[in-house]
Amino acid sequence: MALVAGLVGEPRDPAIAAAAVAASVAVTLLDGMDGWLARRHRIASPFGARFDMEIDALLILALSVLAWRHGKAGAWVVASGLMRYGFVAAGAAAPWLRAALEPSRRRQIICILQIAVLALVMLPGLQPPISALLAAAALAALAGSFLIDTVWLWRRAA
């Protein structure tokens, strides 16, 4: 994750984009492996799950900034990376948004999809409008997932 974040300030170069793709794939594979191992060996914890989620959110932010800076999509793609932080900030104004959510396979799949699509978009050979369409579809899926959770929390609070 740190490698991807470190690439944000680098010049726009196909080698940088390829490095972002490789690092994202490696991080995603290792991320899946550590969670599986923690559950298998019964050492999973709420802190570990939360830490994992926040690292995933930071990776999505870094990839979305890279996609924008490399001209793969417009500045709107950064909304993918800011969505988690906007949700947390909204919880300051609306305490019901801070309530615990039940575990969700949908959230896990959308997160993996978001990371995979943003990594795919960074491939040097993939250019707009295809890269922008892919990023927009992933953003729509992510926004839909946040909407589902927001509505669920709102109904639960009412």
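The values are calculated or read from the model by the stated rules, or taken from the named source; none is laboratory data. Note that the coordinates shown come from a computational prediction; the quantities given were computed from them, not determined experimentally. Cβ: placed from backbone, ideal geometry, glycine included. Neighbour counts: every protein chain shown.
Data table
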{"read-out": "Test result for residue 50, in a helix (DSSP H, G or I), among the charged types (D, E, K, R) and at pLDDT 95 or above", "value": "no"}
{"read-out": "Sole exception among (1) at pLDDT 95 or above; (2) outside any helix (DSSP H, G or I) for residue 43, by number", "value": "(1)"}
{"read-out": "Selected residue (criterion: nearest to residue 57 (Cα to Cα)) from residues of segment 105-137 that are touching a helix residue (DSSP H, G or I) at 6+ places or on another chain (Cβ under 8 Å) and not in a helix (DSSP H, G or I)", "value": "122"}
{"read-out": "Neighbours by Cβ (under 9 Å, 6+ apart or cross-chain): first from segment 24-38, of a type in the set (Asp, Glu); second in a helix (DSSP H, G or I) and modelled with pLDDT of 70 or more", "value": "31/52; 31/55; 31/56; 31/59; 31/112; 31/115; 34/48; 34/52"}
{"read-out": "Pairs, first free of Cβ contacts under 8 Å to residues at least 60 places away in the same chain in segment 97-121, second of a type in the set (Lys, Arg), C-beta under 8 Å, six or more apart", "value": "99/156; 101/107; 121/72"}
{"read-out": "Among the candidates 24, 64, 104, residue that is surrounded by 13 or more Cβ atoms within 10 Å (Cβ to Cβ), farther than 25 Å from residue 151 by Cβ and of a type in the set (Ser, Thr, Tyr)", "value": "24"}
